[in-house]
1. With the requirement that a residue be within 14 Å of G333 (Cα to Cα) and in contact with a Phe, Trp or Tyr (Cβ under 6 Å, 6 or more places away or on another chain), what does the range 156-170 give you?
2. Name every residue in the range 100-131 that is more than 20 Å from the chain's Cα centre (by Cα) and part of a loop (DSSP other than H, G, I, E, B), in order of residue number.
3. Given V338, V267, which one is closer than 30 Å to L62 by Cα, of a type in the set (A, V, I, L, M, F, W, C), touching a residue at least 24 places away in the same chain (Cβ under 8 Å) and touching a strand residue (DSSP E or B) at 6+ places or on another chain (Cβ under 7 Å)?
4. Filter the range 137-153 for residues that are in contact (Cβ under 8 Å) with a residue 12 or more places away in the chain and open to solvent by 50 Å² or more (accessible area, probe 1.4 Å); which is nearest to I176 (Cα to Cα)?
5. Of all residues in the range 176-195, which are in contact (Cβ under 8 Å) with a residue 60 or more places away in the chain and open to solvent by 10 Å² or more (accessible area, probe 1.4 Å)?
6. Does V285 satisfy being at negative phi and either open to solvent by less than 60 Å² (accessible area, probe 1.4 Å) or among the hydroxyl-bearing types (S, T, Y) (or both)?
7. Restricting the search to the range 374-390, which residues are touching a residue at least 40 places away in the same chain (Cβ under 8 Å) and under 22 Å from the mean Cα position of the chain (by Cα)?
8. Could you check the range 293-309 and list, in sequence order, the residues that are open to solvent by less than 30 Å² (accessible area, probe 1.4 Å) and more than 19 Å from F224 (Cβ to Cβ)?
Amino acid sequence: MTLDSKWVRAQFPAFAEPALQGQAFFENAGGSYTCQPVIDRLFRFYTQRKVQPYAPYEASSLGGQEMDEARRRMAALLGVATDELSFGPSTTQNTYVLAQAFGQMLQPGEAIVVTNQDHEANTGPWRRLAERGIEVREWQIDPETGYLDPNRLEDLLDEKVRLVCFPHCSNVVGQINPVTEITALAHAAGAFVCVDGVSYAPHGFVDVGDLGPDIYLFSAYKTFGPHQGLMVIRRALAELLPNQAHVFNAGTLYKRFTPAGPDHAQVAACAGMADYVDAFYAHHVGGDAAPAARSVAMHDVMRDHETKLLQPLLDAVSNRNAVRLIGPENAQGRAPTVALATSRPAGEIAADLVKHGIMAGGGDFYAGRALSAMGVDPAKGVLRLSFTHYTTQAEIDQLLNALDDVL
């Protein structure tokens, strides 16, 4: 099924913004444009509902209902129970809270597995558990390709391992990791699984229930929404971990891992992401389907569009002697996040691209461990070119022409 780019771009006010005309946005891995339904809900909450929610008066009651709607609808899209989804200020902070909970539950001498393919948010908090006597084992990438080999994980698993943490997709390598396969390996060894979905979720929400991990995290500001972190914790694990919230919230599953009060307006605005999924499905597919099925259908249409645009870009950069493509050369096996190691500081190249109407980024993107493991100087960083389903062929052409001039 072909994605209707004209319809998609009409859902994002940024594309009608005069100040942004002529500029192609290729730093979506850092944060996406926001869709209109999210903006509408955020504006309505701040103008009509900006009171303490869940009180009996109308403005408060409606505010609470909108927050509940967001949790209910987003959980349904992700294929999990409503109370298995928590909102927090960011994925980094959500992960930190989770690490504190595991730190209280695990015993000295027990072990966890982390990777060096991760963004720092899904590795740093876990590594700090070493201070509590927890053994931290590193599942290492291939230094040439950045590939995270499941066979190497098997060598790290034994009866001491209680948790395996890895990314669905790296924010510089771009490789899509086989979540279901890795989860099965970890579960067979008696370990829980935490998946950082931040870099994958912008390319389609997944059915977490079908994938199988115990924890799945991502950031709404990278999935066309407000600056919130969404965290799925499956019931069996959520009830086992120590409460991290106020004592009176211990009995409510989705509150157990939110120490501070939530951002009411931004939580409510997350329902706008579900609005967008529903509208996308109605326009491209039509008919009735369960929320998770609508989400999966949207994911497939988006991925098909992105893959078609991505392969020519990969071909163009992989044939250049002046740059090194980080990660797979085949678009089928990666997200449209393309990192290039260059001879001069990547930030300088990103600045040069601005003159050609290209908005991109240069740096280490908090993935210093991965870059160092592949022999890339984090101080120079990489040029990162990242896009999502609202990107067009014309913008890819603009990027390729700009790269010809700059590189």
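1. First, pick out the residues of the range 156-170 that are within 14 Å of G333 (Cα to Cα): 168-170.
Passing the criteria: H168, C169.
2. Matches in the range 100-131: L106, Q107, P108, G109, E110.
3. Numbers: V338 fails: closer than 30 Å to L62 by Cα.
The match here is V267.
4. At the first step, the residues of the range 137-153 found to be in contact (Cβ under 8 Å) with a residue 12 or more places away in the chain are 137-141, 143-148, 150, 152-153.
Next, only the ones that are open to solvent by 50 Å² or more (accessible area, probe 1.4 Å) stay: 138, 140, 143-145, 147, 152.
Working: E138: 19, Q140: 16, P143: 17, E144: 17, T145: 13, Y147: 9, R152: 17 Å.
Applying the filter and picking the extreme gives Y147.
5. Hit for the range 176-195 is I176, nothing else.
6. Values: at negative phi: yes; either open to solvent by less than 60 Å² (accessible area, probe 1.4 Å) or among the hydroxyl-bearing types (S, T, Y) (or both): no.
Criteria not met by V285.
7. Matches in the range 374-390: V382, L383, R384, L385, S386, F387, T388, H389, Y390.
8. Result: T307, single match.
The values are calculated or read from the model by the stated rules, or taken from the named source; none is laboratory data. Model, not experiment: these values are computed from the prediction. FYI the Cβ positions are ideal-geometry reconstructions off the backbone, even for glycines, and counts take in every protein chain you see. We work out accessible area using only protein heavy atoms, side chains counted, and drop any ligands, DNA or RNA first. Shrake-Rupley method; radii C 1.70, N 1.55, O 1.52, S 1.80 Å.
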